[in-house]
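Step one of this worksheet: look at the structure below.
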Amino acid sequence: MAVAKAIGVALLGLMLAGCENLVASSGVYYNVGIAKASNSLLLANIIRSAKGYPTYYTLVGDYSGSRSTSLSPSVELTIPVPAQGQSKVLDFALGGDVSSDRNANVSSLETGDFTRAMHTQVPPDLLLFLIDSRDSAHVHLILALLVKSNRLLLKDYEAIVQSARDACEQRFETLSSAEMGICRNFEELRKNITCDFAREPSAGGDVIVTVNNHPSNRCAFSQFRMLAEAVMLNSGQVFVDAKGNLNVEFGRTASERRNLFDAEGTSITLRSPNGIIQYLGEIVREQYREDNAWTPALTTRAGQSVPIFQVESGFGASANITAVVDGEEYWIRNQKLGEREEDFSHRALTILKDFQALNTKQEQLPSSPAIILGPGSSLTR
């Protein structure tokens, strides 16, 4: 009886331990599973875009982790049996095996409503929402991903650049760490701009220039980058005017503040969520066009120019974000906490994910039956 009681206690303990682990880790299973699947799917679509392939959007939900416990009680005891004068061996030991399983409900998002939303230009209020809810140190990254082009007066472009230079020279000690980093690199960036703008006359007799965010044209992108980083150095306020148009107010003091897009014929053109994927795909395609190819970069807090998006290839990497396309694995290098950023890849994916979610509505999501993915299934092929 004592042996049976001991076995029962041990058996119950192991079962309770298994339940406790499942309860404690179920939220982690869901969070980690959704994160890995969603990031890998975003990366896979970016790679497909770089190769000129169609993109496919998938909804991942109800990600569950289960744990099963298999027990086989046995114990090894030597019990003397007086009648025969011999000892009898009884084997009885507690053994167990705990195994984990994971499942996810996945459904295609290839509906007309969702696809239309993915190809619809992001409205200005969503840009403001993301800027307000994000670290102000990366406003230039949000603008780089979402803004396709700027049309503004040449004199205003020159004014905001000069105001940024003044801020670096006269108010450097009062700037944020991100702004200080931009200052350290601002003059070098300015020297690298050797091309001219596309110009046209305005209705008021001034010159309007078009600043295009081209990921494959180094000089054009540098013009755009200087404007985006000058907005940060001027504590630029992005807002929606009374007509519903996007505008940028710049200038460090109340008396000198002015708007960049008030003149007739000036405007900002934004991308759609799918346009951001195409933009990142073009960056990747240019990166693989030749060895050591130029790639669009922005300035970090440390004053370094780092790529907006950087993708490695080859199997065997220990990266958390991977995708396999055409039998080749692509991955994004992990960002270690506390180390200087080597690229903006992870932050770019975060911004893309948010715009993809914000630009769609619940009624645009399909209600079609889900596909159950079990162990060994891949979400990245």
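Miscellaneous remarks
- Value in Å of the Kirkwood radius, where region 120-189 supplies the Cα pairs that are averaged: 14.0 Å
- Over 27 Å between alpha carbons, listed pairs K191/K243; K155/K243; K243/K361; K155/K353: K191/K243; K155/K353
- Computed from the C-beta positions of D206 and T174, the FRET efficiency with R₀ = 25 Å rounds to 0.15.
- The peptide list 202-212, 273-283, 323-333, put in order of mean Cβ contacts within 10 Å with the highest first, becomes 273-283, 323-333, 202-212.
- Around the amide H of A198, modelled in the peptide plane, lie the amide H atoms of T210, all under 5 Å away and 5 or more residues distant in sequence or on another chain.
- Gain on full stretching of the segment that runs from R134 to R301 - 0.36 nm per residue minus C-alpha separation: 58.6 nm
- Each residue of region 141-152 was assigned a 3J(HN,Hα) from its phi angle through the Karplus curve 6.51 cos²θ - 1.76 cosθ + 1.60 (θ = phi - 60°); the sequence is 6, 4, 5, 5, 6, 9, 8, 8, 7, 10, 10, 8 Hz, with glycine and proline shown as x.
None of the figures in this text is laboratory data; all of them are computed from the coordinates on show. These numbers were taken from a predicted model, which means no experiment stands behind them. Positions of Cβ are backbone-derived with ideal geometry, glycine not excepted, and every protein chain shown enters the neighbour counts.
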